[in-house]
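The values are calculated or read from the model by the stated rules, or taken from the named source; none is laboratory data. Bear in mind that the values here come from a model prediction, so they are computed numbers and not experimental data. So basically every Cβ, Gly included, is an ideal-geometry build from the backbone, and we count neighbours across all protein chains shown. Ligands, DNA and RNA are excluded from the accessible area calculation, which covers all protein heavy atoms including side chains. Shrake-Rupley method; radii C 1.70, N 1.55, O 1.52, S 1.80 Å.
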Amino acid sequence: MKHILLTIALTAMILAPVSQVNADGSAANVVSVTSELKANPVLTSPDGRLVVSFDLADTESPTYSVQYDGKQMLEPSPIGIMLDMGAKPTLEGLPQGREAGWGDFTRGLKIVSINDTDEETAYELTRIKQASVCHAYIKRIIELTNEAKQTVFFEFRVSDNDIAIRYNVPEGRFRRSTRVLYENTGFRFPDGTTTFLTPQSDAMIGWQRSKPSYEEGYSNDGEMNVASQYGHGYTFPCLFHVGDRGWVLVSETGVDSRYCGSRLSDCVDNTYKVSFPLPDENNGNGTVSPAMRLPGSTPWRTITVGSDLKPIVETTVPWDHVEPLYETSHDYRFGRSAWSWIVWMDASCNWDDQVKYIDMAAEMHFEYILIDAGWDQNIGYEKMEELIKYANSKNVDVFLWYSSSGNWNDIIQSPINRMDNSIVRKKEMAWLEKVGVKGIKVDFWGGDKQQTMQLYEEVLSDADDHGLMVIFHGCTIPRGWERMYPNYVGSEAVLASENMSFGQGACNEEAFKATLHPFIRNTVGCMEFGGCFMNRVLNRANGGRGSRLVTGPVFQCCTEILFQNPIQNIAICPNNLSDAPALCMEWLKTVPTTWQQTRFIDGYPGKYIVLARQDLQGKWHVAAVNATDAPLTLNLDLSFLGAGQAQCYSDSAGPDFANPSLTELKIRDGKKCKLTVVPNGGVIVEK
Ligand code: CA
């Protein structure tokens, strides 16, 4: 379907559209705009509900705004970019002329042309929430010039619930590279909007000076216009509740070695702006201003909009507008993994304990074992070859842990200094391939500067040469990486399960956090949480002193459905084969980790969530967890499961809390199902 008519109708008074053909052969609707034109036609999503306006009426500050179903979701918000093209402004003002060095695209802009095309995105990707994606969007490229007669293109892509915006910078006559000084891209929310935000930490603080690592708390229906915890704004993704109008999720995607990771600033006058990394990140090494070869493009700034939370939870915008950066010759296999470190901690990365975990992984039919920090010293490279052979003999493959360091933290957990230097890294990866290792977990990264993004990309690219998958910990969020890098698995970038092993506070908050992540962190990328404990006490003895689980065993299983990551590192221990509910252990033997589709059913961040995922064999897995103090009674339309008997796993109330039940649930067409979820408990329905 072509969306030419609307544009024509809105512009016919001023100018005549000219039909042209794009380079790819599709029809384009090019509109030549006279310099008198300050405003331009609105851009409407294929279903007509999402509307983006771009406004140059105030020459000092171009803006865009967003409406959904006629309601204002973003008020006029700043847009623009400031580039360093080689010269600095003088006291007399901006340098003038064709090759003037100061690329100010934040004001004084004039529209040269507007080019709209109808596009469709279609791709397969079993590592995200939906295996097969296909939907339409409208692409609009606005060509603008500034007072120095320099050109920039603002690109908008609008699908039914998502907006992606980027800046495209052409080559200049004498300029083939540039540095981005700042972006003026902002998000101004209506009064009364509340926030679900996680702050950006100070750099070079925390464990062995390894922050920032996207491991902070969340505001929960917080207010705008308050200072962030560290005064550095917020890390993506950022969720906003625009009162009874709906919800907005702001993030970014398409960041690779050619840019830095960005974040949102603190809020001023209801407005958050895209901000670059902190100077102190990466031990102060490397610039905060990304540099690009020209022609070049910034990453996408994404805005997901809905009247309810369904489009937020189900969005695929992080992958819709990026492309694979290299082909792989490997057929990567996903699945479940056992890892001793999460409960048995550092001391367990030795031969005897790893054999126990390999045996358990085999009995649980898990595909992998992850051997965490210290293996090089406690087991050693030579004995590791033998251990890998043992694991393989039991049909278990191996992931090994590495530190990313480097000169950007003080980490002593080893191996260190194997991933930061390309000469050493290539040797190490050749050894990993030779001994049959299938993946690496690389921990403790230096932040979001372009220099660190380059290292992420180098590690991924080199690892693929050796058939290695990569998990990141102590790291930034992925930004489209599931599609961009075929051997990328997942990232921590969350206060993950380790915090429960470290202390009771995270156990007490587990349910609350579990009802945030599917709405926020996990909406934009794979989340390596590493949960599903079956110990009631999170230590080796499963008793005595240690943090105690306050959630039920079915709740724990629910996290395998709620938290999406194509390889799940599961926190069960060998003793759980005999001391955990057999129901849950049997369930874990077959739980899938890759999905055909994901469906948001019900919930509210911080209170409860009901989420359904359909596995690649067509079976549905519905998970519901309750973070409130009262039993949660749900009346759900589960007819998408199809009529018939479903299996229903439930945590029990009262003294039987640790003893879950399995019952049959009859699904009838057009009839709702009543489910009760106890506080801190979970329910799983499967069919
Ligand atoms: Ca961590």
Thr145-Ser661 FRET efficiency (beta carbon distance; Förster radius 51 Å; 0.05 resolution): 0.15
For the range 204-211, 3J(HN,Hα) per residue [Karplus equation, 6.51 cos²θ - 1.76 cosθ + 1.60, θ = phi - 60°, Hz, x = Gly/Pro]: 6, 10, x, 3, 6, 6, 9, 7
The range 450-522: radius of gyration over Cα atoms, expressed as a fraction of 2.2 N^0.38 Å: 1.32
Chymotrypsin sites (Phe, Trp or Tyr not before Pro) within the range 126-233, DSSP loop, no more than 16 other Cβ atoms inside 10 Å: Phe174
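What's the magnitude of the charge dipole for the chain around its Cα centre, counting Lys and Arg as +1 and Asp and Glu as -1 at the beta-carbon? Answer in Debye, nearest 20.
Charge dipole, the chain, about its Cα centre: 460 debye, nearest 20.
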Long-range HN-HN contacts of Ile379 with modeled amide H, under 5 Å: none
Near-label residues of the range 305-321 by backbone N, under 12 Å of a point 7 Å along Cα→Cβ of His135: 305-307, 310-321
Among beta bridges that DSSP assigns inside the range 335-595, antiparallel share in %, nearest 5: 5
For the range 571-623 versus the range 476-506, the gap between their alpha-carbon centres in whole angstrom: 18
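Rounded to the nearest 0.05, what FRET efficiency do Ala430 and Arg179 give with R0 = 45 Å and r taken as the Cβ-Cβ distance? Could you check? Present the calculation step by step, with values, prior to reporting the outcome.
Values: r = 36 Å, r/R0 = 0.80.
The computed FRET efficiency comes out at 0.80.
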Other-chain or far-sequence residues with amide H under 5 Å of Ile567's (modelled H): Gly335
For Thr598, net neighbour charge (Lys/Arg +1, Asp/Glu -1) across residues whose Cβ lies under 10 Å away: +2
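Take the solvent-accessible surface of the protein heavy atoms, probe 1.4 Å, and return the percent of it on the range 335-595 that carbon and sulfur atoms account for. If you can, show how the numbers build up before the last one.
Working: 3590 of 7330 Å².
Summing carbon and sulfur atoms, their accessible area is 49 percent of the total for the range 335-595.
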Ordering of 446-453, 403-410 by burial proxy (mean other Cβ atoms within 10 Å per residue, highest first): 446-453, 403-410
Helix-only [θ]222 nm of the chain, DSSP H runs n ≥ 4, -39500 (n - 2.57) each, per residue, nearest 500: -4500 deg cm²/dmol
Trypsin sites (Lys or Arg not before Pro) restricted to the range 110-189 and DSSP loop, no more than 16 other C-beta within 10 Å: Lys149, Arg173, Arg176
Solvent-accessible area per residue, Å², over the chain with all protein chains present [probe radius 1.4 Å]: 36
Compactness relative to 2.2 N^0.38 Å, alpha carbon Rg of the range 208-319: 1.17
Acute angle (nearest 10 degrees) that the helix 553-562 long axis makes with the longest principal axis of the chain, alpha-carbon atoms: 30
Karplus-derived HN-Hα couplings along the range 237-249 (A = 6.51, B = -1.76, C = 1.60, θ = phi - 60°), whole Hz, x at Gly and Pro: x, 10, 10, 10, 9, 8, x, 7, 7, x, 10, 9, 10
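Work out the P(r) tail for the chain: percent of alpha carbon pairs separated by more than 39 Å, whole number.
I get 34 percent for the Cα pairs in the chain exceeding 39 Å.
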Net charge, Ala362 excluded, C-beta distance under 13 Å - Lys, Arg +1, Asp, Glu -1: 0
³J(HN,Hα), Karplus 6.51/-1.76/1.60, whole Hz, each residue of the range 313-319, x for Gly, Pro: 5, 9, 4, 10, 4, x, 10
The range 358-383 residues near the modelled Leu577 label - backbone nitrogen below 17 Å, point 7 Å along Cα→Cβ: 358-370
Sparse-neighbourhood loop sites, chymotrypsin sites (Phe, Trp or Tyr not before Pro) in the range 258-354 - DSSP loop, at most 15 other Cβ within 10 angstrom: Tyr326
Within the chain, longest stretch free of exposed GluC sites (Glu not before Pro) [DSSP loop, at most 12 other beta carbons within 10 Å]: 328-687
Length-normalised contact order for the range 335-595 - Cα pairs under 8 Å, 6+ apart - percent: 18
Alpha-carbon radius of gyration plus Dmax, which is the widest Cα pair, for the range 97-193 in Å: 17.3, 51
Unit charges on C-beta of K, R, D, E only; dipole of the range 335-595, Debye: 360
Cα-only radius of gyration and Dmax that characterise the range 335-595, units Å: 17.3, 49
